[in-house]
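A.B. asks: Dropping the structure in here first, questions after.
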Amino acid sequence: MDPKESAHNMSKEQAEPSQAKGATQSDKLADSAGSTELERIENRAPAHGLRVTLEEYWKKWYERPHPHIDVSYEWNNGILEAKPLHNYAQTEQYRWFFRLLSFYLDENPIAKILFLETGTYMSVRDESLPSGKWEVVFKPDIGIILDDNPAPWGADDQRSYIGVCDMIVEELSDSTSAEVKRDTEEKKEGYARAGVREYFILDPKDGHMHFYRLGVAGDYEEIEPDEEGVIRSEVLPGFQFRREDLLREPLLVELARDDVYADYVIPELQVAETRVEKAEERADVEARRADAEAAARRAAEEQVQALKAELARRRH
């Protein structure tokens, strides 16, 4: 079955996965994680490492596969991989950055957001693999799809995305060394080979935070901040942020008053504050003018009284 047809016609039927082509539950992924790390994953994701076909993945494993376990699976070249869970600091950083992107897109409606549990299917020819192609269904934390992307996103009947996002943001998962490697190496390589133009890795500990842009050779190159520490996107013109702000997560009101963000974070606040400042300046000018007029009036009255006094003195 064609992957696109499978993705857009997913059945809710709980079909049994095929065991004929490889791993069973005892054949979990032989990656760099130690046995204790794998056991921890398996406790919350019993099917982690199971080999299933793409059609089986769409039918059974893509959406809430376990009735009583809150787990989500990605599909990596035929293998189920549990989507890691984030801690509080990671969730807060993700939320801050997501709001930043949302404000930008509110002011610049040139793209749509895909996030969290929405899968994106990518496929690249690779003769080194038995199937002859590298194909995955990843569920990025944030995906940005420009309106001129050849694979559109946003139709009411779309529950997955068949195409390549223009930008992808992953909040680092670090509960195991395998998770860190997956975000910083495996997904980095995969997103690059698929043609994702920018890949950002967020990390509240700042140990693995990176901002990549696809180079002419097809590999990711680090986006260097300017002298003020500002990172600028080319996918989203005008979208910029300070690296340090991702760590301290300033309030929106502070961002709205900051020249780095003022063009897209509540720009009407700065406009309103400018109007208030100008009104206060006018009021001050009027007040000073009124004070000067009052002083002049008092001086004139005092002069009149002095003249009257002098005239009365002369008459006597």
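A.B. asks: Whether any residue in the stretch 237-258 is in a loop (DSSP other than H, G, I, E, B) and polar (S, T, N, Q) is what I want to check. Walk me through how you get there before you give the answer.
C.D. replies: First, pick out the residues of the stretch 237-258 that are in a loop (DSSP other than H, G, I, E, B): 237-239, 243-244, 249-251, 257-258.
Okay, now just the ones that are also polar (S, T, N, Q), so none.
Checked the stretch 237-258: no residue is in a loop (DSSP other than H, G, I, E, B) and polar (S, T, N, Q).
A.B. asks: Count, please, the residues in the stretch 55-66 that happen to be assigned to a helix (DSSP H, G or I) and either within 16 Å of Glu135 (Cα to Cα) or under 26 Å from the mean Cα position of the chain (by Cα) (or both). Lay out the reasoning, then the answer.
C.D. replies: Of the stretch 55-66, the ones assigned to a helix (DSSP H, G or I) are 55-61.
When the remaining residues are screened for being either within 16 Å of Glu135 (Cα to Cα) or under 26 Å from the mean Cα position of the chain (by Cα) (or both), the result is 55-58, 61.
Summing the residues that are assigned to a helix (DSSP H, G or I) and either within 16 Å of Glu135 (Cα to Cα) or under 26 Å from the mean Cα position of the chain (by Cα) (or both) in the stretch 55-66 gives 5.
A.B. asks: Let me ask something else about it. Take the residues in the stretch 97-123 that are under 19 Å from Leu172 (Cβ atoms) and assigned to a loop (DSSP other than H, G, I, E, B), then tell me which one is modelled with the highest pLDDT.
C.D. replies: Glu117
A.B. asks: Continuing with this model, one more query. For Glu222, state whether it is on the phi < 0 side of the Ramachandran plot, without any contact (Cβ under 8 Å) to a residue 40 or more places away in the chain and exposed (fewer than 14 other Cβ atoms within 10 Å of the Cβ). Don't jump to the end; show me each part of the working.
C.D. replies: Working: on the phi < 0 side of the Ramachandran plot: yes; without any contact (Cβ under 8 Å) to a residue 40 or more places away in the chain: yes; exposed (fewer than 14 other Cβ atoms within 10 Å of the Cβ): yes.
Criteria met by Glu222.
A.B. asks: Related question: Consider Glu301 carefully, then state whether it is among the acidic types (Asp, Glu), modelled with pLDDT under 75 and not in a loop (DSSP other than H, G, I, E, B). Steps first, please.
C.D. replies: On the way: among the acidic types (Asp, Glu): yes; modelled with pLDDT under 75: no; not in a loop (DSSP other than H, G, I, E, B): yes.
Spelling it out, it is not the case that Glu301 is among the acidic types (Asp, Glu), modelled with pLDDT under 75 and not in a loop (DSSP other than H, G, I, E, B).
A.B. asks: Any residue in the stretch 102-118 that is within 18 Å of Ile266 (Cα to Cα), of a type in the set (Phe, Trp, Tyr) and surrounded by 14 or more Cβ atoms within 10 Å (Cβ to Cβ)? Working first, answer last.
C.D. replies: Here is the first cut: in the stretch 102-118, the residues within 18 Å of Ile266 (Cα to Cα) are 102-110.
The next check asks that each one be of a type in the set (Phe, Trp, Tyr); those that pass are 103-104.
In the following step, the residues that additionally are surrounded by 14 or more Cβ atoms within 10 Å (Cβ to Cβ) were identified as 103-104.
Yes - at least one qualifying residue is present in the stretch 102-118.
A.B. asks: Taking the condition of being touching a residue at least 12 places away in the same chain (Cβ under 8 Å) and not in a strand (DSSP E or B), how many residues in the stretch 67-86 meet it? Write out each step before concluding.
C.D. replies: Our first condition is that a residue be touching a residue at least 12 places away in the same chain (Cβ under 8 Å); within the stretch 67-86, this holds for 69, 71-86.
Filter again for not in a strand (DSSP E or B), leaving 69, 71-72, 77-78, 83-86.
Here the count works out to 9.
A.B. asks: Go through the stretch 153-175 and report how many residues are of a type in the set (Asp, Glu) and either touching a His at 6+ places or on another chain (Cβ under 8 Å) or within 17 Å of Tyr57 (Cβ to Cβ) (or both). Write out each step before concluding.
C.D. replies: The initial filter retains those residues of the stretch 153-175 that are of a type in the set (Asp, Glu), namely 156-157, 166, 170-171, 174.
Okay, now just the ones that are also either touching a His at 6+ places or on another chain (Cβ under 8 Å) or within 17 Å of Tyr57 (Cβ to Cβ) (or both), so 157, 171, 174.
Number satisfying all stated conditions: 3.
A.B. asks: Sort out which residues of the stretch 61-78 are among the hydrophobic types (A, V, I, L, M, F, W, C) and buried (at least 21 other Cβ atoms within 10 Å of the Cβ), and write them in order of number.
C.D. replies: Keep residues of the stretch 61-78 that are among the hydrophobic types (A, V, I, L, M, F, W, C), which gives 61, 69, 71, 75.
Listed by number, the residues that qualify are Trp61, Trp75.
A.B. asks: How many residues are crowded, with 18+ Cβ neighbours inside 10 Å and modelled with pLDDT of 95 or more when one looks only at the stretch 236-258? Break it down into steps so the answer makes sense when it comes.
C.D. replies: First, the residues of the stretch 236-258 that are crowded, with 18+ Cβ neighbours inside 10 Å: 236, 239-242, 245-246, 255-256.
Subset that is modelled with pLDDT of 95 or more: 236, 239-242, 245-246.
Here the count works out to 7.
A.B. asks: Right, here's the next one. Given Val271, Val230, which one is modelled with pLDDT of 75 or more, surrounded by 10 or more Cβ atoms within 10 Å (Cβ to Cβ) and under 29 Å from Arg95 (Cα atoms)?
C.D. replies: Values: Val271 fails: modelled with pLDDT of 75 or more.
Step by step, each of Val271, Val230 is checked, and only Val230 is modelled with pLDDT of 75 or more, surrounded by 10 or more Cβ atoms within 10 Å (Cβ to Cβ) and under 29 Å from Arg95 (Cα atoms).
The values are calculated or read from the model by the stated rules, or taken from the named source; none is laboratory data. Because the structure is a prediction, the values reported are computed rather than measured. So basically every Cβ, Gly included, is an ideal-geometry build from the backbone, and we count neighbours across all protein chains shown.
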